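The values are calculated or read from the model by the stated rules, or taken from the named source; none is laboratory data. Fair warning: this is a prediction, and the values are worked out from it, not measured in the lab. Positions of Cβ are backbone-derived with ideal geometry, glycine not excepted, and every protein chain shown enters the neighbour counts. Accessible surface is based on the protein model in full, side chains and every heavy atom, while ligands, DNA and RNA are left aside. Shrake-Rupley method; radii C 1.70, N 1.55, O 1.52, S 1.80 Å.
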Amino acid sequence: MSDPFDPFSHLMASDRRYKRDAYEFVWKALAYAHRELGMGAERLSESASEDEEDEASRRPQRHVTGQELCEAIRQYALREYGFMAKTVLNSWGVHSTDDFGEIVFNLIRIGWMQKTPEDRIEDFHDQYDFDAAFQHEFRITLPE
């Protein structure tokens, strides 16, 4: 049974468009963007302010833009699921890059991700076509 006081449980109960796996995948893709792709400029998050007493909250965070995250998600999905990437994402309720934006902004709303004042949900709009990104551009590489 889910904890009604847990923000993620509340999110899953209030917005049923996406499966839990979709949220976990986007979270892992963000880590992939930082760790494997070297994405992310240091910026202060929107929640950081000079009035805050917590020094850690005022330190710059590595921030990935919506466009960068969409590209990281594409690469991570191909790495993890290959030719089945689009099918897997669709099974979780994800059909376009706009869905990535909805997922990210849901996670921001519950405090599991942060944004800068410049970040907008529109940053995720129509970044690429799923057929082109996950099927037509997929390449099988054989070892030499």
**Asked** Based on Cβ point charges of +1 for Lys and Arg and -1 for Asp and Glu, what charge dipole magnitude is obtained for the stretch 67-142 about its Cα centre, in debye rounded to the nearest 20?
**Response** 340
**Request:** Might you tell me the accessible area per residue for the stretch 65-116, computed with a 1.4 Å probe and given in Å²?
**Result:** 41
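Filter the GluC sites (Glu not before Pro) in the stretch 90-132 down to the DSSP loop ones having no more than 15 other Cβ atoms within 10 Å, then list what survives.
Working: sites: GLU102, GLU118, GLU122; in loops: GLU118.
Loop-located and lightly packed - GLU118.
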**Gained length - ASP126 relative to SER14, 0.36 nm times residue gap less alpha-carbon distance** = 37.8 nm
**Item:** Cut-off 14 Å, label 7 Å out along Cα→Cβ of THR141, residues of the stretch 60-92 by amide N
**Value:** 75-76, 78-80, 82
**Prompt:** At what distance in nm do the modelled label points of THR116 and PHE5 sit from each other, each positioned 7 Å from its Cα along Cα→Cβ?
**Reply:** 3.6
